[in-house]
Every structure is written in C-alpha cells, then in structure tokens.
1. For A:THR17 paired with B:GLN15, estimate the spin-label separation in nm (one decimal), with each label point 7 Å from Cα along the Cα-to-Cβ line.
2. Quick check: residue separation of B:THR200 and B:TRP48 times 0.36 nm, minus the Cα distance between them. What number comes out in nm?
3. Principal axis extents for the protein assembly as shown, Cα atoms only, whole Å, descending order, please.
4. At most 15 other Cβ atoms within 10 Å and a DSSP loop assignment: could you name the chymotrypsin sites (Phe, Trp or Tyr not before Pro) in chain A that fit?
5. Summarise the partner chain shielding of A:1-8 as one whole number: the mean count of Cβ atoms from other chains within 10 Å of each residue's Cβ.
6. Remind me, relative contact order of chain A in percent, using alpha carbon pairs under 8 angstrom and six or more residues apart?
7. Below 8 Å, C-alpha to C-alpha, sequence gap of six or more: please give me the relative contact order for chain B in percent.
8. Figure the gain on full extension for A:ASP68 and A:LEU41 (residue separation times 0.36 nm, minus the Cα-Cα span) and round it to one decimal in nm.
Amino acid sequence: MFAQKVDGEMVLLDMNTENYFGLDEVGTAIWQAIEENNGELVKVLEVLLEQYDVEEDVLKKDLLVFVDRLVESGLVKVDEA
Amino acid sequence: MLIFNQKLLFVNEPQFNSVEPLERTEYIEVCEFSTLDVHSLGMLKTKWFPMSGQTARYLTTVPFHEAPKGFSWALEIQDVLTLFWDGVERKIRYIKSEHYTPERLRFWVLHTFLPLVLELERQYRILHVGSVEVAGKPILFSALSFGGKSTLADYFLQKGHKLLSDDSLGIEKRDDSYYAVPSYPFHRPFRKLETLGYYTENFETEIKPVHAVYVLEKSARDEEVEIIELKGIEKFKAFHYSSFIDFDFMKKERFEYFTEMAKYVPVYRIQIPWNLKRLHEVYEAIVVHSQKI
C-alpha cells in the first residue's frame with residue numbers, strides 16, 4: 001500500500017489489485033491518525049476526539065464504518081488486540 | 001530535428017535526417033545490424049502482445065525490474081524489425097524482417113522505441129497526450145482513446161498554434177516544476193495504425209514548463225462547453241491514465257511521480273459537445289481559460 005497527499009486529500013494505491021482510492025478531508029485525517037498511531041484504533045479515537053468537536057459515540061461509529069470500508073476494499077486488515 | 005529533445009541520425013536511411021551537420025557526440029545513432037541473429041543472443045523473451053496493429057515482444061539480458069541503468073534490451077515487432085537499445089553506447093540498432101520498410105522504421109523509433117528508452121532510462125516520463133502552445137505556454141490534452149486529442153490538437157495547429165505532441169509528450173521534473181518535452185513534428189488527425197501522419201513545420205522544440213492539463217470529456221451535442229478544476233485523486237488519475245508506458249515494475253515510482261506532479265500542475269476537466277461544428281467553441285474556451293491561469 002502506498003499513500004500520498006494531493007490537495008489535502010489522500011490518494012491510496014493498493015499494490016496487489018492496482019486499485020486507486022481517494023479519501024476526502026475527514027477520511028484523510030482518519031487515515032493519517034491510523035498511520036501515526038500504528039493502527040491502534042483506541043488511540044486513533046482519542047486523537048480524533050481532540051481534533052473534532054463531536055460526540056464520542058458518533059465518532060466511534062463513524063470510525064468503525066470507515067475502517068469497515070477500508071477492510072472491504074482490501075486496504076487494511078484488522079487484528080484483534 | 002529534435003525528437004524528444006534528442007538528435008537522431010538514421011545511418012542507413014539518410015532521407016530521415018535533418019540537413020544541419022551533427023557532431024558525433026551529440027546524437028543517437030540508428031544503425032542497421034545486418035548480420036546479427038537475434039535468437040543467438042540468449043536474451044530473455046516476454047510473451048507476444050499486440051502493439052500498434054502489430055505483434056511485439058521484449059527481449060532483455062536481465063529482467064527489466066532487475067536491470068541497472070544503461071542496460072541493453074530489444075523490442076521485436078514480429079515480421080517487421082527488431083530494435084535494440086545499446087545502453088552503454090547509447091545507440092539504436094535494428095534488424096530488418098520480412099515486412100520492413102523505412103517508414104515503419106521511423107514510425108517504430110519515433111512513436112514507440114525512443115519513448116520507451118527515455119522512460120526506462122528515467123530521463124523523462126512519457127504521457128499519452130496531445131499538446132500545443134497557447135501564448136507560448138504548453139497546454140496538454142488528456143483523453144481516452146478516440147477522445148478527441150488529435151482532433152483538438154489539429155484544430156489548434158490550423159489556428160496557428162505550435163504543436164508539441166500529437167500523441168506522446170515527455171515530462172521532465174526540475175525541482176518542483178514539470179516541463180513539457182516536445183515529441184516529434186507529426187500529427188495524425190485520422191485513425192490509421194503504424195503511421196506518424198502529416199509533417200508540420202509549426203513545431204515547438206524548446207522545453208517549457210507545463211502550463212495546464214485539460215482532460216477532455218465527451219458530452220451531448222447540445223451541451224455547454226464547461227471547464228472545471230480538478231483536485232485530489234481526480235488530478236492524479238488524469239496523469240495515471242495518460243501514462244504511455246505501464247510496466248508493472250514501475251508502478252510504485254509512477255504513483256509517486258504522478259501524485260507529486262499533481263501537487264504542482266493545474267488540471268481541468270473540459271466538457272466537449274460531441275459535434276465538430278462546435279469545435280471552435282471548445283478552442284475559444286481553452287484559449288481564454290488558459291490565459292487566465
């Protein structure tokens with residue numbers, strides 16, 4: 001997987017499928033938080049809660065939906081802690 | 001004449017050479033190998049694949065992805081000719097096959113082989129785009145096959161603009177700037193394989209910064225001409241899908257190059273009413289728009 005930021009949006013390349021993905025501003029912030037925290041979602045949630053004025057339950061749900069989509073697209077794998 | 005900023009010398013087909021004298025050190029020689037048996041070299045061969053209406057395959061001494069800079073390799077166009085790149089001497093050699101003609105030699109060298117050499121040597125990236133100058137600045141036209149690149153480039157040419165590329169253009173990175181490297185002075189506003197088309201005198205040879213890229217998008221005959229700026233992944237896609245060469249082993253560096261280029265080169269989508277009688281509207285919209293950037 002390769003990722004580069006263009007105009008504030010993350011562009012992702014899946015080397016296996018050669019599919020490309022674009023993330024919007026919020027998706028990019030989540031992706032960067034995942035990268036910076038080695039994929040630990042509890043830490044990612046904490047970082048995003050500091051960044052965005054949002055209820056924890058709402059953000060947790062959005063984060064899980066986002067991660068589910070990444071998993072469905074084959075961009076990440078989830079390991080149980 | 002300059003082809004992708006290189007001087008070529010066709011040793012055995014002098015009718016293709018420019019009239020000005022060349023110093024030996026400053027050109028790439030294109031010379032016939034009359035005696036070499038290509039199959040005696042023990043080179044690795046890829047499978048045959050379709051290319052510009054012919055069948056072709058690559059031959060290398062080491063796999064492309066393991067090859068050092070300046071390595072030698074070949075492109076065999078079945079029953080036409082085999083072109084060798086001598087990476088040490090920086091020369092193009094060729095062996096004629098049954099259906100060889102001088103015109104085919106020139107086509108394969110200019111259209112295909114030299115762009116491959118330059119990309120593999122990492123000298124330039126080659127984009128499959130049309131390109132002309134507006135007010136002395138290169139603009140690029142990107143589109144799917146039969147998407148109107150050549151037709152539009154031809155229209156600009158008719159209006160007196162200089163041509164940089166009808167089919168493929170070199171891109172040179174200098175710090176954070178990306179420069180257009182004109183390809184060859186031919187344009188082909190018709191659909192025919194294995195031909196360069198018409199020669200034009202109105203050809204730019206100077207390398208200049210890319211001013212803007214226009215992605216051509218077909219629309220209904222009665223739609224308005226509309227220009228929209230692209231951002232993020234859409235900009236990247238404009239370059240990625242215009243890549244002239246898609247070697248698998250280069251996809252990471254291609255991705256990095258095009259995402260970086262997308263940060264510095266403005267890209268626009270232009271909706272083109274699919275009606276030749278309205279081509280002047282497209283022309284005028286691009287000329288006005290490009291001068292406002």
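1. In this crude label model, A:THR17 to B:GLN15 measures out at 5.3 nm.
2. Taking B:THR200 through B:TRP48 to full extension adds about 51.3 nm, to one decimal.
3. So the extents along the principal axes, rounded to whole Å, are 76, 54, 35.
4. Of the chymotrypsin sites (Phe, Trp or Tyr not before Pro), the ones in loops of chain A whose Cβ has at most 15 other Cβ atoms within 10 Å are A:TYR52.
5. Details: counts 0, 5, 2, 8, 4, 12, 10, 2.
If you average over the peptide's residues, the count of other-chain Cβ atoms is 5.
6. 18 percent
7. RCO, chain B: 15 percent.
8. 8.5 nm
Throughout, read-outs are computed from the coordinates displayed, never taken from laboratory work. Remember, it's a predicted structure, so these values are computed and weren't measured experimentally. Reconstructed Cβ throughout: ideal geometry from the backbone, glycine too, with neighbour counts over all protein chains shown.
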